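K.L.:
Before I ask anything, here is the structure I am working with.
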Amino acid sequence: MTLSEEATERLADVVELQPTKNAELQDRWGMDSGSEVHQYLENELGDHYFRDDNSLIRATSEAADLVDVEPGIESDPDDEGPPSRIRVPELQSQIVAVLAGPDEKSESVVSVLHNLREEFDVDPEAEDVRSGLQSLRRKDVVEVEYRTVPTFRLAVEREDLEVGVSE
């Protein structure tokens, strides 16, 4: 089955953002609900995606070959650990740059927000920072520690991770 131009572009989004969830695709595609995303995935991309053990959306390896987009994460096939390379939106790239390292004390969303403001002179919404941290967590490069509030730190040494910015 040949994909329409829109379906091919959306499949490229799945490849780039994987592992992802309905809400992230909803934002990217300008849809009104997660169920609308689910319906689109099932109807248009059913043979090209799957949900992993954590119900996160991933493209099949064949789907990745259909689109001219680098995958959102790349790992050493001989290594079970975190990925060695990720492609993420600019805000997530900035989060990686300022977030506490694996051996440092984990930070709250508000702390990361302040670090972003100081380092990059940007003023994202706290919810965007939280969402970015959770997306990086799904990619296994950020870990969460639950204290009074959830706190975050890198799960991998910064120098062991290549971060590219996607559009």
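The values are calculated or read from the model by the stated rules, or taken from the named source; none is laboratory data. Computed from a predicted model, the values in this text were never measured in an experiment. Every residue, glycine among them, receives a Cβ derived from its backbone with ideal geometry; neighbour counts consider all protein chains shown. When the accessible area is computed, the model is the full protein with side chains, heavy atoms only, and any ligands, DNA or RNA have been set aside. Shrake-Rupley method; radii C 1.70, N 1.55, O 1.52, S 1.80 Å.
K.L.:
Could you list, in sequence order, the residues of region 2-50 that are basic (K, R) and in contact with a Gly (Cβ under 9 Å, 6 or more places away or on another chain)?
P.N.:
K21
K.L.:
Every residue in region 39-65 that is surrounded by fewer than 16 Cβ atoms within 10 Å (Cβ to Cβ) and part of a helix (DSSP H, G or I), please.
P.N.:
Q39, E42, N43, S61, E62, D65
K.L.:
Let me ask something additional. Return yes when E159 is open to solvent by 50 Å² or more (accessible area, probe 1.4 Å), farther than 24 Å from A12 by Cβ, modelled with pLDDT of 90 or more and assigned to a helix (DSSP H, G or I) and no when it is not. I'd like the intermediate steps shown before the answer.
P.N.:
Working: open to solvent by 50 Å² or more (accessible area, probe 1.4 Å): yes; farther than 24 Å from A12 by Cβ: yes; modelled with pLDDT of 90 or more: yes; assigned to a helix (DSSP H, G or I): yes.
For E159, the condition - open to solvent by 50 Å² or more (accessible area, probe 1.4 Å), farther than 24 Å from A12 by Cβ, modelled with pLDDT of 90 or more and assigned to a helix (DSSP H, G or I) - is met.
K.L.:
In region 139-167, what residues are of a type in the set (D, E, K, R) and either touching a residue at least 60 places away in the same chain (Cβ under 8 Å) or out of contact with any Leu (no Cβ under 9 Å at 6 or more places or on another chain) (or both)?
P.N.:
Selection gives K139, D140, E145, R147, E157, R158, E159, D160, E162, E167.
K.L.:
Turning to a different aspect of this structure: For region 1-28, name all the residues that are within 19 Å of Q134 (Cα to Cα) and in a helix (DSSP H, G or I).
P.N.:
Of the residues in region 1-28, the ones within 19 Å of Q134 (Cα to Cα) are 13-28.
Hits for region 1-28 are D13, V14, V15, E16, L17, N22, A23, E24, L25, Q26, D27, R28.
K.L.:
If I ask for residues that are hydrophobic (A, V, I, L, M, F, W, C) and under 15 Å from R85 (Cβ atoms), which ones from region 143-167 would you list?
P.N.:
To start, the set of residues in region 143-167 that are hydrophobic (A, V, I, L, M, F, W, C) comprises 144, 149, 152, 154-156, 161, 163, 165.
The answer is L154, A155, V156, L161, V163, V165.
K.L.:
May I pose another question? Output yes when any residue across region 129-142 is on the phi > 0 side of the Ramachandran plot and under 15 Å from the mean Cα position of the chain (by Cα), and no when none is.
P.N.:
At the first step, the residues of region 129-142 found to be on the phi > 0 side of the Ramachandran plot are 140.
Pick out the ones that are also under 15 Å from the mean Cα position of the chain (by Cα) and you get 140.
Within region 129-142, one or more residues are on the phi > 0 side of the Ramachandran plot and under 15 Å from the mean Cα position of the chain (by Cα).
K.L.:
Hey, another quick one. Based on this model, can you work out whether V15 counts as touching a helix residue (DSSP H, G or I) at 6+ places or on another chain (Cβ under 8 Å), farther than 20 Å from P82 by Cβ and open to solvent by less than 20 Å² (accessible area, probe 1.4 Å)?
P.N.:
Working: touching a helix residue (DSSP H, G or I) at 6+ places or on another chain (Cβ under 8 Å): yes; farther than 20 Å from P82 by Cβ: no; open to solvent by less than 20 Å² (accessible area, probe 1.4 Å): yes.
For V15, the condition - touching a helix residue (DSSP H, G or I) at 6+ places or on another chain (Cβ under 8 Å), farther than 20 Å from P82 by Cβ and open to solvent by less than 20 Å² (accessible area, probe 1.4 Å) - is not met.
K.L.:
Out of all the residues in region 96-109, is one or more in contact (Cβ under 8 Å) with a residue 24 or more places away in the chain, under 19 Å from L17 (Cβ atoms) and under 17 Å from the mean Cα position of the chain (by Cα)?
P.N.:
Yes, region 96-109 contains at least one residue that is in contact (Cβ under 8 Å) with a residue 24 or more places away in the chain, under 19 Å from L17 (Cβ atoms) and under 17 Å from the mean Cα position of the chain (by Cα).
K.L.:
Does T2 qualify as being β-branched (V, I, T) and at pLDDT below 90?
P.N.:
So T2 passes the test.
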